[in-house]
1. Quick one: helix 10-26 against the long Cα principal axis of the chain, what's the angle to the nearest 10°, folded into 0 to 90?
2. Which one, Ala53, Met96, Tyr76, is farthest towards the positive end of the dipole of region 1-100 when Lys and Arg carry +1 and Asp and Glu -1 on their Cβ?
3. Helix 61-87: angle to the longest alpha-carbon principal axis of the chain, degrees 0 to 90, nearest 10?
4. Just one of (i) 2, 7, 10, 12, 15, 17, 15, 12, 7, 3, 1; (ii) 2, 12, 22, 23, 16, 11, 8, 4, 2, 0; (iii) 2, 10, 16, 15, 11, 7, 5, 4, 4, 5, 5, 5, 4, 3, 2, 1, 0 is P(r) over Cα pairs in 5 Å bins from 0, in percent as worked out from the coordinates here. Which one is it?
5. So if I place +1 on the C-beta of Lys and Arg and -1 on the C-beta of Asp and Glu, and nothing else carries charge, what would the dipole magnitude of region 1-99 be about its Cα centre? I want it in debye, nearest 20.
Amino acid sequence: MDEPRFKKLRVWQESMKLAKEIYETTKDFPQNEKYGLSSQLQRAAVSIPSNIAEGTGRGTKKDFSHFLSQARGSLYEIITQLEICFDIGLISTEKMVLFQERCESLSKQINALMISLKEEM
């Protein structure tokens with residue numbers, strides 16, 4: 001079986017790295033956050049590569065663009081939730097800076113892909 005097309009996309013690969021980093025970071029959160037910020041961050045992080053993958057399988061550029069928009073929304077959720085985590089002391093300044101850089105890069109990649117799809121439509 002051939003490798004699915006979405007696995008070749010850099011934006012999917014980078015979103016997978018972000019999801020792994022979110023999981024690694026949230027495993028150190030206090031137990032009382034298990035169903036709070038930990039769960040919210042994990043779900044949003046998994047949603048990004050999942051939406052990218054689903055969008056590639058839909059068959060049209062319009063559908064793919066829609067799923068990229070969903071992925072971008074999940075990314076913005078993560079940015080907000082990380083700000084909360086930082087503000088309440090769950091993540092360090094160094095970790096926050098790394099996440100900000102990763103999220104900014106991923107946002108640019110998603111936006112560029114959406115623009116390129118719109119130009120092709």
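Rule-based calculations on the coordinates, nothing more; no lab input. This structure is a prediction, so every number in the text was calculated from the model and none was measured. No Cβ is skipped: glycine too gets one built from the backbone with ideal geometry, and neighbour counts run over all protein chains shown.
1. 20
2. Checked the options; the winner is Ala53.
3. 10
4. Checked against the structure: label (ii).
5. So the dipole magnitude of region 1-99 works out to roughly 480 debye.
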